[in-house]
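Visitor: Here's a structure for you.
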């Protein structure tokens, strides 16, 4: 069970305030899970966000979000049965990938999507999963997953002059706090079905995947040039084939997909173990501007697969024990218009990283990344927008030292810059220090951070991962000027009960500082969590 509190937002709960929140400030999360070895797993999740009504108003049934999953594994022909909420992952994400998947990062070799096709879903996120039933069957040579799903989504319906109702946008935030958000709750039903068949022989894996989806109302995007190839209508489908094969020191993998309009997308990757000290990763992708993969999550620059051609190459070199160099280069272009891109555009990104671990106690890394993209600038005297190049640079250095007594000290400094061609450079800085106490055979663990940030604007914002309660994390954007600190305490009362408390505060030194998004203005937060295991 988890709850939290953010003071300083009284106006958002004032009934005289336009768009006031109709619930209490306290969010609440209750999660129950049962597991028996690796054979049986079931559980439920109930969650409400801060500001959402609870057993009142439009929410008469208590929590805003309920989730249930049942997952059973067997040793016979029927391998897995899933009921309730689950996720489906296919190929390299060109048509379907719902589990967590990362893109470009300091782990330069992590370019291949890997994971089971069918997994139970127990998170509190209100999107990115299916609700229905799925079955996995097969033997040692092949396996097939078949699934069907029907779930309600929040959406913004629009009625035209003829009385026809369409949906202009699907809302994935999960917030239903004020009247407008509540009015958009559960306005659209998504029905999905598909299968994934996988054949394995020695070092070869070959898969065939298909996905069909249908909305209860037609989707119709805003009439803009960049939406020319956007999904419209009520139904669509995708199909793909994927493979992976290992030949000596070479591992090939890839996927080729097609949508309902026969537009294609291709992704091809190669991992090479060139030497005991050298690894290389390469990935090429080419996706038609009109290709639609609304459930996809591939290794691309765009959020969803489509309208992109690119080539990525990365390498890891370990010259001596305890020393590692990482680098990558990614070149990409977008053949058709995008949001805030009035014509086809291109870009590139480069990273160089040095990691030094002379012992188990000491770890240091320094990373430099530069990204160049095109984006629109303000309209000229003729009222026309045009593309110009934007360059973003980032340099980060971090040092960590672990003491035998269970103490860990970690510090980081980070510099970032943002510049449009012909404009002034905007810069940002962040520095923080962490103190972590996790003694062996002790019931308590404490994590503290104190940091300072200063940026010229949101464009030069800085990010940092923050430790949070179990099963959650945060990577907030910091901009403006201020101090930030948090304290996280975990205490194991016994083998069955654990409590956690997290207090965070941002001390604003500049009125241009942002500590949240939307209409939030809180700079303090208290979180409490109770976990019972039995």
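The values are calculated or read from the model by the stated rules, or taken from the named source; none is laboratory data. On a predicted model such as this, the values are computed, not experimentally measured, just so you know. In this analysis, Cβ positions are derived from the backbone assuming ideal geometry, glycine residues included, and neighbour counts consider all displayed protein chains.
Visitor: Residue under question is residue 468, and the condition is that it be within 21 Å of residue 409 (Cα to Cα), under 21 Å from the mean Cα position of the chain (by Cα) and either at pLDDT 95 or above or not in a strand (DSSP E or B) (or both); does it hold?
Guide: yes
Visitor: Report, ordered by the first and then the second residue, all pairs with beta carbons closer than 9 Å, sequence separation of six or more or different chains, a first member in segment 177-193 that is at positive phi and in contact (Cβ under 8 Å) with a residue 24 or more places away in the chain, and a second member that is surrounded by fewer than 19 Cβ atoms within 10 Å (Cβ to Cβ) and part of a strand (DSSP E or B).
Guide: Cβ pairs passing all conditions: 186/152.
Visitor: So how many residues does segment 46-81 have that are touching a strand residue (DSSP E or B) at 6+ places or on another chain (Cβ under 6 Å) and either without any contact (Cβ under 8 Å) to a residue 60 or more places away in the chain or crowded, with 18+ Cβ neighbours inside 10 Å (or both)?
Guide: Number of matching residues: 19.
Visitor: Okay, next question. Specify the residue that is farthest from residue 134 (Cα to Cα); the eligible residues are those in segment 56-80 that are at pLDDT below 90 and assigned to a strand (DSSP E or B).
Guide: The qualifying residue farthest from residue 134 (Cα to Cα) is 56.
Visitor: Which of the residues belonging to segment 95-108 are assigned to a loop (DSSP other than H, G, I, E, B) and crowded, with 16+ Cβ neighbours inside 10 Å?
Guide: Selection gives 95, 96, 98, 99, 101, 104, 108.
Visitor: Also, I was wondering about something else. Looking at segment 458-481, I want the residues that are at positive phi and have a partner that is modelled with pLDDT of 90 or more and not in a loop (DSSP other than H, G, I, E, B) with Cβ atoms under 8 Å, at least 6 apart or on another chain. Which pairs are those?
Guide: 471/31; 480/453; 480/454; 480/455
Visitor: Which numbered condition trips up residue 213, out of (1) within 23 Å of the chain's Cα centre (by Cα); (2) under 28 Å from residue 257 (Cβ atoms); (3) modelled with pLDDT under 95?
Guide: With respect to (1) within 23 Å of the chain's Cα centre (by Cα); (2) under 28 Å from residue 257 (Cβ atoms); (3) modelled with pLDDT under 95, residue 213 is out only on (3).
Visitor: Are there any pairs with C-beta distances below 8 angstrom linking a residue in segment 344-361 that is in contact (Cβ under 8 Å) with a residue 60 or more places away in the chain and on the phi < 0 side of the Ramachandran plot to a residue that is assigned to a loop (DSSP other than H, G, I, E, B) and surrounded by fewer than 15 Cβ atoms within 10 Å (Cβ to Cβ), with the two at least 6 apart or on different chains, and if so which?
Guide: Qualifying pairs under 8 Å: 351/106; 353/106.
Visitor: Can you confirm whether segment 154-168 contains a residue that is within 22 Å of residue 48 (Cα to Cα), within 25 Å of the chain's Cα centre (by Cα) and loosely packed, with under 15 Cβ neighbours inside 10 Å?
Guide: Checked against the condition, which is being within 22 Å of residue 48 (Cα to Cα), within 25 Å of the chain's Cα centre (by Cα) and loosely packed, with under 15 Cβ neighbours inside 10 Å, segment 154-168 yields no hits at all.
Visitor: Residues that are in contact with a helix residue (DSSP H, G or I) (Cβ under 9 Å, 6 or more places away or on another chain) and more than 27 Å from residue 225 (Cα to Cα): find the strands (runs of 3 or more DSSP E) completely inside segment 327-439 holding 3 or more of those.
Guide: 407-420, 426-437
Visitor: Of the residues 126, 181, only one is in contact with a strand residue (DSSP E or B) (Cβ under 8 Å, 6 or more places away or on another chain), outside any loop (DSSP other than H, G, I, E, B) and modelled with pLDDT of 90 or more; which?
Guide: Step by step, each of 126, 181 is checked, and only 181 is in contact with a strand residue (DSSP E or B) (Cβ under 8 Å, 6 or more places away or on another chain), outside any loop (DSSP other than H, G, I, E, B) and modelled with pLDDT of 90 or more.
Visitor: Which of (1) at pLDDT 95 or above; (2) over 30 Å from residue 492 (Cβ atoms); (3) buried (at least 17 other Cβ atoms within 10 Å of the Cβ) does residue 397 not meet, given it meets every other one?
Guide: In the conditions (1) at pLDDT 95 or above; (2) over 30 Å from residue 492 (Cβ atoms); (3) buried (at least 17 other Cβ atoms within 10 Å of the Cβ), residue 397 misses (3) alone.
Visitor: Of everything in segment 252-275, what is free of Cβ contacts under 8 Å to residues at least 24 places away in the same chain and over 30 Å from residue 339 (Cβ atoms)? Give them in sequence order.
Guide: Passing the criteria: 252, 270, 272, 275.
Visitor: I'm trying to understand the selection: among the residues of segment 407-427, which are surrounded by 15 or more Cβ atoms within 10 Å (Cβ to Cβ) and farther than 22 Å from residue 504 by Cα?
Guide: 415, 416, 417, 418, 419, 420, 426, 427
Visitor: Then there's this: For segment 312-326, how many residues are part of a strand (DSSP E or B) and either in contact with a helix residue (DSSP H, G or I) (Cβ under 8 Å, 6 or more places away or on another chain) or over 30 Å from residue 127 (Cα atoms) (or both)?
Guide: Residues in segment 312-326 being part of a strand (DSSP E or B) and either in contact with a helix residue (DSSP H, G or I) (Cβ under 8 Å, 6 or more places away or on another chain) or over 30 Å from residue 127 (Cα atoms) (or both): 9 in total.
Visitor: Tell me which of these residue 441 doesn't satisfy, since it passes every other one: (1) under 24 Å from residue 408 (Cα atoms); (2) in contact with a strand residue (DSSP E or B) (Cβ under 9 Å, 6 or more places away or on another chain); (3) modelled with pLDDT under 95.
Guide: All conditions are met except number (2).
Visitor: Scan segment 31-43 for residues that are surrounded by fewer than 17 Cβ atoms within 10 Å (Cβ to Cβ) and not in a loop (DSSP other than H, G, I, E, B) and report the count.
Guide: Here the count works out to 6.
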